[in-house]
Each structure stands twice: as structure tokens, then as C-alpha cells.
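The values are calculated or read from the model by the stated rules, or taken from the named source; none is laboratory data. Note that this is a predicted model, so its numbers are computed, not measured. Quick reminder, even Gly has a Cβ in these numbers, built from the backbone with ideal geometry, and neighbours come from all protein chains shown. Keep in mind that these areas ignore ligands, DNA and RNA; they rest on the heavy atoms of the full protein, side chains included. Shrake-Rupley method; radii C 1.70, N 1.55, O 1.52, S 1.80 Å.
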Amino acid sequence: MRYRVLGGTGIEVSTYCLGTMMFGAVGNPDHADSVRVIHAALDQGINFVDTADMYSAGESEEIVGKALRDPRRRAETVLATKGYFPIGDGPARGGLSRRWLTRAVEDSLTRLGTDWIDLYQVHRPDHRTDIEETLSVLGDLQAQGKIRAFGCSTFPTEEIVESHAVAERRGLRRFRTEQPPYSLLARGVEASVLPVAQRYGMGVLTWGPLASGFLTGKYRKGRPVDLTGGRPALTPHRFDPELPGNAAKFDAVEQLIALAEEIGCSLPELALAFVTAHPAVTSVIIGPRTGEQLEGLLKGASLVLDDEVLDRIDEIVPPGTNLYQADGAWRPSALTDASLRRRPVAERAAV
């Protein structure tokens, strides 16, 4: 496994990062089996593990904690987790305020059974909280030794730029990493997120390289899709082949499968090699549920795509194009809150 430095942190991480969203109630509920998968990944040279407090409501962090209970394994593993989403019922149980992040980090440390988190990431932007407040508390947690570095996840370009400007203006520590969705079908981050991350010297760990299963070859043009189970059951509008908006995704998948067969690899191997080839990407998060899936994902770790193949991919899905909107991607309040786009009725006329 090749290792790369995570932005300006000096921390060396494997090119593949083990994502643990599928460990726990929403994926693999067998703790012992999930621990075996984590150990298998570590034994194969992966030293980077990513989780979040909201994955199976904290169960994923507990499983990771069990897997890293051995002090030697913990010392050799770069452990990342995230916070932002509400945990439990009631007000003030989510977001990026000092009050919540202080508690969220303590709770994550307890579930993980560790004294420190190597990389703590804010899972999404929070417009209810000044970014200065968020950077301030993260800096304090770093100074206390509870986290070694901190970053952001699924932030749009303007939020990344603003965070760095505020950090410089206020003399605060800044985000060192960004975790964006990136795949053969979701290339929008190539336009500005990845170049801006490079400009600021940020490490980049990408999620969703298989586009929620679209790039496994499981969903094919002209074949029915079971919309009652798995990812299709959660977001059927993204998978229903009868919907006109999905036609481009299915067409692209067929062309990518043909390209993979031509160069002698599988579609998932092509998908992972594509993301790994971008110069801004430090590590690619893979999220197996079972040991068999882990083995399949690791098979193509040595695959190198030459310029001719990458040019062919650009013809199928042009750079900067999003054919697939990643699940859970953040949308700004300016789009989700209609009142921010509409003046009061009495003020809408020009005269």
C-alpha cells in the first residue's frame, strides 16, 4: 500500500482509507465480523480508518473501538471521525457550536475507547454557527490533545475559502483536510473544490467512489432494479431506470463497463483507480460491509490508468460533470429555504 502525506499535517496515510459506515445496524450488525474486516484491512497495509458519530447512531465508532483495543494497533492507525448531525432527540444536539462539538468529541472518544482522535472532521457546514466559533473550539480541542488535526467534509468551495479567510484574519487554526464525494459519475468537485484544496495545501479523502453501487455493475441499462431493498429503497428516484433523469447514468455505466473489459479490469477497479489518479486526492475511502467485499476492492489496488484511458473516461463523463448526486450531499440554505429567494409579496413589484 502506498502512503501519502495528509495535507500539511505531516501524517502519512494509506492511499485507501477504510470507511466504516457499513459496520453496525445499517450494514453489518455482527460486531465480531466487522472487527475481522477492520483487522484484515489493517493487515493489508491500510492504516487510515474513517468513521462518524452518526453511523448507526454511534455503533460504528464502538465497533472501531473494539478493533483498535490493542494499544499497538491503535498507535499504528490514523483514526478519523466526524460530528455535526443530531444524535438523539431534543434541541442543541447537533451542529458546529462550541457547546455541541465539545460534547460530540468527548462522546466519540468514549465510544472509540481512545484518548485522542487523529483527524476530527465537521461533517457538514452549519449556517447557524459562525465559522469563527467552530474553528475556535476545534483549535482548543487540538491544543488539549483530544484531536491531532481537524478538517471539513462535503463543504462547497465558498465555505472552504471563507473558513481559511476567517482563520487567517482571526489567527485561528484552519481546516487541514476536506472529505468530498468524488467518483466517475460525480466529478463536480474537479471544477473548484479539488483545485482550492490543492491551493490551500489541504489533504483530501474522498467518499462514494462507487456512487452508492452504480459503479459496481449491479445496476445495468435495460435491466429491472429492485427498488424495495438496499440503497434503491432509500432513494428510489436515483435508481429508477424509468425516470428520464437517470438515463445518462445508466448509459455512462454501460460505456464504463465496456472500457473496463477492454483494459482487463472490473468496473469497481476502474472506479477506484480513477479517483486515486487525481493529484489532489490523498486517500480514497472504501466502505466494505464484509471481508469478501474488502478483498474485491483491494484486488485493483495496483491498477494504473494511463492517459489514453483517462481521456476515454473524459469522453464518457466530461470533467466537472455530475451525473450522480451523492447521497447526503449538502445543499445551501439559499436553495432549500424558499424564503431566502423571495422578497415579501408587497415588495416584489418593480413599481
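Listing for the model above:
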read-out	value
Any hit, region 111-118, residues being basic (Lys, Arg), open to solvent by 60 Å² or more (accessible area, probe 1.4 Å) and either in contact (Cβ under 8 Å) with a residue 12 or more places away in the chain or in a strand (DSSP E or B) (or both)	no
Residue count, region 1-53 (criterion: in contact with a strand residue (DSSP E or B) (Cβ under 8 Å, 6 or more places away or on another chain) and assigned to a strand (DSSP E or B))	13
Count of residues meeting criterion [assigned to a helix (DSSP H, G or I), under 15 Å from the mean Cα position of the chain (by Cα) and either over 21 Å from Cys17 (Cα atoms) or aromatic (Phe, Trp, Tyr) (or both)] in region 185-220	1
Residue check for Ser266: of a type in the set (S, T, N, Q) and modelled with pLDDT of 90 or more	yes
Selected residue [of a type outside the set (Val, Ile, Thr), open to solvent by less than 30 Å² (accessible area, probe 1.4 Å) and closer than 24 Å to Val13 by Cα] from Leu96, Leu101, Leu138	Leu138
Residue among Leu109, Leu96 that alone is of a type in the set (A, V, I, L, M, F, W, C) and either at pLDDT below 95 or closer than 19 Å to Pro332 by Cβ (or both)	Leu96
Residue in region 74-83 that is modelled with pLDDT of 95 or more, farther than 21 Å from Pro288 by Cβ and open to solvent by 20 Å² or more (accessible area, probe 1.4 Å) present	yes
Among the residues listed as Leu210, Leu234, Leu243, Leu256, the single one being closer than 17 Å to Asn322 by Cβ and open to solvent by 50 Å² or more (accessible area, probe 1.4 Å)	Leu243
Every residue from region 24-55 that is among the polar types (S, T, N, Q) and open to solvent by less than 20 Å² (accessible area, probe 1.4 Å)	Asn28, Ser34, Thr51
Residue check for Ala165: over 25 Å from Arg93 (Cβ atoms), modelled with pLDDT of 95 or more, of a type in the set (Gly, Ala, Ser) and surrounded by 18 or more Cβ atoms within 10 Å (Cβ to Cβ)	no
Residue match in region 169-185 (condition: of a type in the set (Gly, Ala, Ser), open to solvent by 10 Å² or more (accessible area, probe 1.4 Å) and over 27 Å from Asp314 (Cβ atoms))	yes
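Residue-wise test of (1) closer than 29 Å to Pro156 by Cβ; (2) in contact with a strand residue (DSSP E or B) (Cβ under 7 Å, 6 or more places away or on another chain).
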{"residue": "His278", "(1), (2)": "yes, no"}
{"residue": "Ile286", "(1), (2)": "yes, yes"}
{"residue": "Glu295", "(1), (2)": "no, no"}
{"residue": "Leu305", "(1), (2)": "yes, no"}
{"residue": "Val309", "(1), (2)": "no, no"}
{"residue": "Asp314", "(1), (2)": "yes, no"}
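Here is a yes/no grid of residues against (1) aliphatic (A, V, I, L, M); (2) in contact (Cβ under 8 Å) with a residue 60 or more places away in the chain; (3) under 24 Å from Arg103 (Cβ atoms):
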| residue | (1), (2), (3) |
| --- | --- |
| Gly45 | no, no, no |
| Tyr55 | no, no, yes |
| Ile63 | yes, no, yes |
| Asp70 | no, no, no |
